[in-house]
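Scroll down for the structure; my scribbles are underneath it.
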Amino acid sequence: MEPIKIEDPKLAAKVDRIIEQLKEYYPDGKVVRITNDHKKLSERIGKAYKEIGYQSRDDFFTAYGFEANKAGHPFTTDAKEVLAELHRRYDGKTLCANPSQLIEENPDLKGKLKTLQNNSQRDFGDVFKNVLIGEGLLAGEKREAARKFTRDEMDEALEELAGRIKEDGIFAKTMASLQKTYPDYSDALTFLGRVSGDWYGLTPRKLLQERGILVQSGTPGVNQDEILSWLKETYSSLPNDEKPASVDELIAANPDKSTELKEAQRKWKANHEETFLSCLKQNGVIKMSETALRNQLKETAPFCVRNAKLKELVSLWKKVGGPKTLTRENEEQLVLPERVAAIDADYAVEIRKSYFHAMIHKSELEQHAVKAGTSLSCSASDPFIAFGTPDGYRLINRRVGNLRWRDSDPSPFDEYADYGEDAWKDSPVAGLVGAWIESISQDYYGCVLICVRFDYPHKLTTQTMINLLYKNGVLTDDDMLGGDDWRKREYEKLSFEGAALVEDSGDDSTSGSVPELESESELKSESEIEPAPEPESELEPDSKPEIEPASESEPEIESASEPAPEPESDGPTREDKLSLARLAVTAAQLVGVATFPQEFLDKLERAEQGDMSIDPDDLLKAINDMTPDEHSVDAASLTFDEGRVARGKHFDVAIPDGWHVVENYERDGLFGQKRPFVAVPEHVSNDDIELSNRIIYVDSGDRAAKLGQTSAFMTAPLRWAMFCQAHYVEMANQMTDPTSPFAAFAQKTMWDCEVDAQNTKCFIVQYNSGTGINGLEFNIRPYSLDHSDYLRVCLSMDENIDIDAIREVVKHIAATVELDKPFESDAERGLKAAFGEKLTKDEFTDLASRIASPIPNFFQKLFTAGQNRYVFQLDGEEVDARDATIAGARMLAEYGEKFVPYYGKLLDIYAANDCFGETEATGHEAYDVLKNIFEGAFPSAALFADDEAKIVTEEGILDDMPEKTALRDRLEALFPKGEAKLLRLEDVVPRGYIDDIKKWGIDFIPNDGVARELVDRGKECVVPSILRSRQEQIDALIGMSSDSASTLEAIREEAGRYNVILFELASRYKTILERMIPKEALEGSKRFLVEINDILELMSDSIETNNQSIGTLRGVALPAGISEFKQQLRQLDDAVARLAAKNEKEQEIDALEAKIQELENARAKIPGLEQQAKMLSSEIDKMSFFSFSKKKARKAELAQCQAQLESCRSQAALIDSVRAEHEEAKAEFAKLRQA
């Protein structure tokens, strides 16, 4: 496996350090017990391999040439080699009395013997002393096990034990726990330790693992499928809010199954393609995130009751027992919607009520017998509506424009005039139509105010039926949000006790009261929602995203009577045709070759549910028309060699070879809204445009009225910031606003890019992808001032598509955009004109302020936009707060980079005007403006709160980029009437870093972690910036002077100044090192020592130049005191070496002390075990001849007790030798401590 290429230089440096340590600790390449022996390194590896992208720690090790062995080095071969070597050495010689003496006489085998001794009980089933006695390598009698076994008896015992374990379901992981769980087999297991190698060629542990008696560490003893089935049964039916949000919460909620769940989580990926968490999410066990719920809502929005047809809603009303006619007078328990006085479901008519007012003189009131309740006549003639008294007096004659209820509602006059009498005159509610005087106010200066109520007919609308069903409890809040559960639900009959206007058989209803729903004009069907709002200028904070309103298509009123069934025929039945239609739709959607309008899918579903008015042959023909041919074009392979151009209203753009332009294209259902052009492949007909790849020119309307508001300060960075705000902030607000009617249709921006076009720039965004036709969409928005037109690029999407190649094609299209009026604001023109004329100080400051002052206004918005971009791209995964902060800071850094060239132009203008040095005061004033802009217009970590600032600083996101550093140098060089000053460390190194090393050198002693961070920052950022600055200064000197002698001297002087800076940095590091050594911060001391030596190597009495005629320049001055400094550094090097030796010895002492305590504990157990053995022997002797079972049990207990006693005596015999080792180590430690 080849290592994955690491793009991040910091991460690459981190991995390099990890590999160096691994090679140091494991020179043989076999990584063993790393978690126990090198915990910190193990933790760093755990973080690093995930950041790089490896699936596991083992993959990381393999890629870099290491072999991970979690169970330790394979020891079988080593054990045989060690024992064979001991046999060779002691052949015919005096044997040692105990293992300690054997180890002492063979120091070269000390490590291997210690390993065998420590693992003896686990791997041999006996203490190491007995193993050596059994091998004939220790003096003393050879100890036998409690009984001997033949090979057949051993096989029988192991087979019997394996059966017991399988039956009990208890899995042991160690020999000790196995013997404790099954003491009846202790003798066999102990004897196995002696004969396993000879009989089976395996260690006892390996043999038992192969036979299923021992399990490997971490091996689950659970059935993963059973666990998943139990979880689905327990949680999938619960409401989302009651489900656990994570696997940790799931484990915490089920403590009795915590072990099984943890094992399933850890081992799931080995047997499945997805992770344990992903599997639980897919099966409805884990709570869905807000993003996932929002996506689900978006998917089910087309099936929402708001998009239902009128006939379907009327059918539902009748299905639940609603009366065919309902009026205010007979409501009883029912509730009619606002402004509706009655409905007739059969005639599809509703009676709406409106109010009009008129002021008349009191004398006219009496003259025409006008009083409350008087019926009035009504007449309508465009544009007036009039009401008259019975004697012909015209009481009200009002223009329609004054009668509108709201700007978004049609006037009652329009509604009344548009509905012919023939459609409602035969309805039972027709008698309710009329106008009358509702009330008359009190006398007011001889006049009275008359209120006229007008009840007029209107065709029954879907909104009225939705309100009716909602207010009476048939539809729920969830039905209003999306989905088609309302179609599948089993309803109970409503209870209706009132008498309807026309008698119905069994018509019932109930009542309910809910807030008024949105007006009908807000309900959309077959809409074309423009996916992103157009950003407005910063001067208009209250402006809303520009989203094109969707169209409303009201269905024709169909007859409520059922048509006669079709006659039988010899051909395919109606059911056969509908089944074929459903199969064709499903197949086309699965393979992504076609998408179907929701209206068509609803029509198909109604036909399947029994709507006999729908012809299945028409459905099959529509499916055939909407399914494109198989020769669809791969968008990634498009070329632009033919030079084809499409001309829009405000800009031109290149289109792919083999494509043609359809001008003034109007999509059905858009109600006259035309596109200036749509570009499609040549083989695509006008009828198939919506089913093909296409480029759409969107005319969003002129913005000339806003030109004066933005042109004064608009620049390309500001335009970019506005687009980011619109697509990542305003769009996110729209998606999460429950009051927005388009919340379910808002699209997430998944990718963005800025491209240089012909005479402007373009902002490109990609929205969240679906599949099939129209599954992938990009918007190309040119930077302009007089319009907001843009391009929509709609393409096919499937799982095999090369999205990066597609993006390159879209970027090429964007690069060809050419505006009729180039993007050039007053601010841009002023900046360009300033290079050709002299400016006064006031003119310059005005220009600089207009360019720079709006920049900081977007800092907060862009930080939020960056966070939202990170969340959008997660696509429903868990959000990490630190990563979100980093993403927001990165967008700010990108913003700062875009302002660099503008600030450079301001410096050029300042220099071209002789730094405005008319007087010393004017020069400084202009300079101060530039300095303030530099400090305020570039984002920095100072913008953040402490916690976030720490994250941003650690990541170095907003550290000075090379371009900004160059600007700072230019700014300082332009200081008016300034004198050359002594170069200091503060002049080259970031101020915050200088403050840190000063603080840590005086007031605070850094621990190892802080020291590592400080040294890494110095190595990766500070030292490179010093060297870069040195090279730039030398290159500048070579380029400015033609006098070679003076140039050489200036270069020597400049190089000497940078030697002083490096020496100062090394000296500050040495100060910190001197304070860390007494505090025994070993790792940090080592790091500082290495870094100081590296810095000293950079100081030289010669300097390389990029000029071939000069070459290497010698004679550069070195700082005074460099020799003394190196001598002190050698002393510090010795001190660090002694500190390392002392720490190592201290660890050895701690290990010996722990060993002594362990041996003392074993010795303390001996008296008790001896007493227990004596009692068991006495009890056995007293048992009768017939107590077979009890006697056998007691003998087993006695054997176990004697084995433990022997083990404790063997350990107790080691105490003296271990104590001696401990004393020797303490003496060596004392010497090191004194040194």
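Here are some notes:
- Residue among 1161, 1107 that is outside any helix (DSSP H, G or I) and out of contact with any strand residue (DSSP E or B) (no Cβ under 9 Å at 6 or more places or on another chain): 1107
To keep it simple, each residue is scored yes or no on (1) within 30 Å of residue 1069 (Cα to Cα); (2) in the same structural domain as residue 1059 (by TED's automatic domain parsing); (3) without any contact (Cβ under 8 Å) to a residue 24 or more places away in the chain.
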{"site": "1087", "(1), (2), (3)": "yes, yes, no"}
{"site": "1115", "(1), (2), (3)": "yes, yes, no"}
{"site": "1131", "(1), (2), (3)": "yes, no, yes"}
{"site": "1155", "(1), (2), (3)": "no, no, no"}
{"site": "1181", "(1), (2), (3)": "no, no, yes"}
{"site": "1190", "(1), (2), (3)": "no, no, yes"}
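- Each residue in region 445-487 was checked for being β-branched (Val, Ile, Thr), more than 16 Å from residue 314 (Cα to Cα) and assigned to a loop (DSSP other than H, G, I, E, B), and 1 of them qualify.
- Whichever residue in region 936-972 is among the hydrophobic types (A, V, I, L, M, F, W, C) and closer than 17 Å to residue 1025 by Cβ and, among such residues, is surrounded by the most Cβ atoms within 10 Å (Cβ to Cβ): 938
- Candidates 1150, 1133: the one that is farther than 27 Å from residue 97 by Cα and within 60 Å of the chain's Cα centre (by Cα) is 1133.
- Qualifying residue in region 438-451 (condition: in the same structural domain as residue 370 (by TED's automatic domain parsing), modelled with pLDDT of 80 or more and farther than 30 Å from residue 361 by Cβ): no
- Among the residues of region 910-928, those identified as within 17 Å of residue 831 (Cβ to Cβ) and either modelled with pLDDT under 65 or buried (at least 20 other Cβ atoms within 10 Å of the Cβ) (or both) are 910, 913, 916, 926.
- Among the candidates 589, 598, residue that is closer than 23 Å to residue 316 by Cα and modelled with pLDDT under 80: 598
- When restricted to residues that are over 24 Å from residue 1015 (Cβ atoms) and exposed (fewer than 15 other Cβ atoms within 10 Å of the Cβ), region 7-36 contains 7.
- Residue match in region 1084-1094 (condition: exposed (fewer than 15 other Cβ atoms within 10 Å of the Cβ), of a type outside the set (A, V, I, L, M) and at pLDDT 85 or above): yes
- Residue in region 10-22 that is of a type outside the set (Ser, Thr, Tyr) and at pLDDT below 80 present: no
- Selected residue (only one of 742, 713, 763 is modelled with pLDDT of 75 or more, in contact with a helix residue (DSSP H, G or I) (Cβ under 7 Å, 6 or more places away or on another chain) and not assigned by TED's automatic domain parsing to the domain that holds residue 480): 763
- Lone qualifier among 996, 947, 987 - being at pLDDT below 65 and either among the aromatic types (Phe, Trp, Tyr) or farther than 24 Å from residue 717 by Cα (or both): 996
- One residue stands out among those in region 147-185 that are of a type in the set (Phe, Trp, Tyr) and modelled with pLDDT of 80 or more: the one that is farthest from the chain's Cα centre (by Cα), which is 185.
- Residues located in region 835-864, provided they are outside any helix (DSSP H, G or I) and in contact with a Leu (Cβ under 9 Å, 6 or more places away or on another chain): 839, 854
- Those residues of region 809-834 which are in a loop (DSSP other than H, G, I, E, B), at pLDDT 80 or above and in contact with a Leu (Cβ under 9 Å, 6 or more places away or on another chain), in sequence order: 817, 821
- Restricting region 115-146 to residues that are in a loop (DSSP other than H, G, I, E, B) and closer than 16 Å to residue 188 by Cα, the residue that is modelled with the lowest pLDDT: 146
For (1) surrounded by 13 or more Cβ atoms within 10 Å (Cβ to Cβ); (2) over 30 Å from residue 1208 (Cβ atoms); (3) not hydrophobic (A, V, I, L, M, F, W, C), each residue gets a yes or a no:
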residue: 1116; (1), (2), (3): yes, yes, no
residue: 1132; (1), (2), (3): yes, yes, no
residue: 1152; (1), (2), (3): yes, no, no
residue: 1170; (1), (2), (3): yes, no, yes
residue: 1176; (1), (2), (3): yes, no, no
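- Selection from region 673-700 of residues that are part of a loop (DSSP other than H, G, I, E, B) and either surrounded by fewer than 20 Cβ atoms within 10 Å (Cβ to Cβ) or acidic (Asp, Glu) (or both): 673, 682, 683, 685, 699, 700
The values are calculated or read from the model by the stated rules, or taken from the named source; none is laboratory data. Fair warning: this is a prediction, and the values are worked out from it, not measured in the lab. Every residue, glycine as well, gets a Cβ built from its backbone with ideal geometry; the counts of neighbours run over all protein chains shown.
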